[in-house]
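Notes to accompany the following structure.
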Amino acid sequence: MFNRRFIESMFRTLILFMLLLVYSAYTQANIMVLDFELKDLTIHENNSQEIERTAKFKPMLEQALTDLDQHTITSFDIADQRLADIGKGYLYDHHDLVAKLGRANGARWVVVGRVHKPSYLFSYLKVKLVDVRSSLMFADLTVELKGQQDKFLKKSVKRLAIQISDAIGLYSE
């Protein structure tokens, strides 16, 4: 029915496909994304809308990293983050503690984020990528946010996800 050459060719193709599948699973980065904090420097008494907007960034970034199809997201109990975060900005500045939190949850990389809002007109989405193995900050990344509309936010978060992915890719090369 099938000649021998055809069967050998199919077998080689199957082996090659399996090797590629194993390689891609091996190279996927396991990333834990912490909740973003808000550093609002504007003089505004009620910044509840900004707090709500800041809460959107973690799930948006997790989705953007997942959509890149190169990373798996490590889930964790948010109470662990709150317990480790002694004060506003503490985790953002203490990579060793972030790495410890990542190790406890099986992550290879941890993303610590901050929305830095120096003006009503724009803000910055700032991220530190922490290498769990060395407990050091591996990359300090920033994307400027202009506008309040979700479509602009999603584009900015996607750009940030690409920067994170590129930084991790540089490490593994």
Review point. Any idea what angle helix 57-67 forms with the longest principal axis of the chain, computed on alpha-carbon atoms, 0 to 90 degrees, nearest 10?
Key: 10
Review point. If you bin the C-alpha pair distances of the chain every 5 Å from 0, what whole percents do you get?
Key: 1, 8, 16, 19, 17, 12, 8, 5, 4, 3, 3, 2, 1, 1, 0, 0
Revision key, fill the gap. Quick calc, the chain, dipole around Cα centre from Cβ unit charges on Lys, Arg (+) and Asp, Glu (-), nearest 20 debye, gives 500
Study note, to complete from the structure: Long-range amide H partners of MET32, meaning residues 5 or more apart or on another chain whose placed amide H is closer than 5 Å, are THR74, ARG108, TRP109, VAL110, VAL111
Exercise for review: Run down the lysines and flag those whose C-alpha is under 24 Å from the C-alpha of LYS155, throwing out any fewer than 8 positions away in its chain.
Suggested key: LYS39, LYS56, LYS58, LYS117, LYS126, LYS128, LYS146
Point to revise | Net charge of neighbours whose Cβ lies under 13 Å from the Cβ of LEU68, counting Lys and Arg as +1 and Asp and Glu as -1 | key: -2
Revision key, fill the gap. Lys and Arg at +1, Asp and Glu at -1: neighbours of GLU37 with Cβ under 9 Å from its Cβ sum to +1
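Quick note: the coordinates plus some simple rules give every number you see, no bench work behind them. Given the structure is predicted, the values throughout are model-derived calculations rather than measurements. Backbone-built Cβ (ideal geometry, glycine too); neighbour counts: all protein chains shown.
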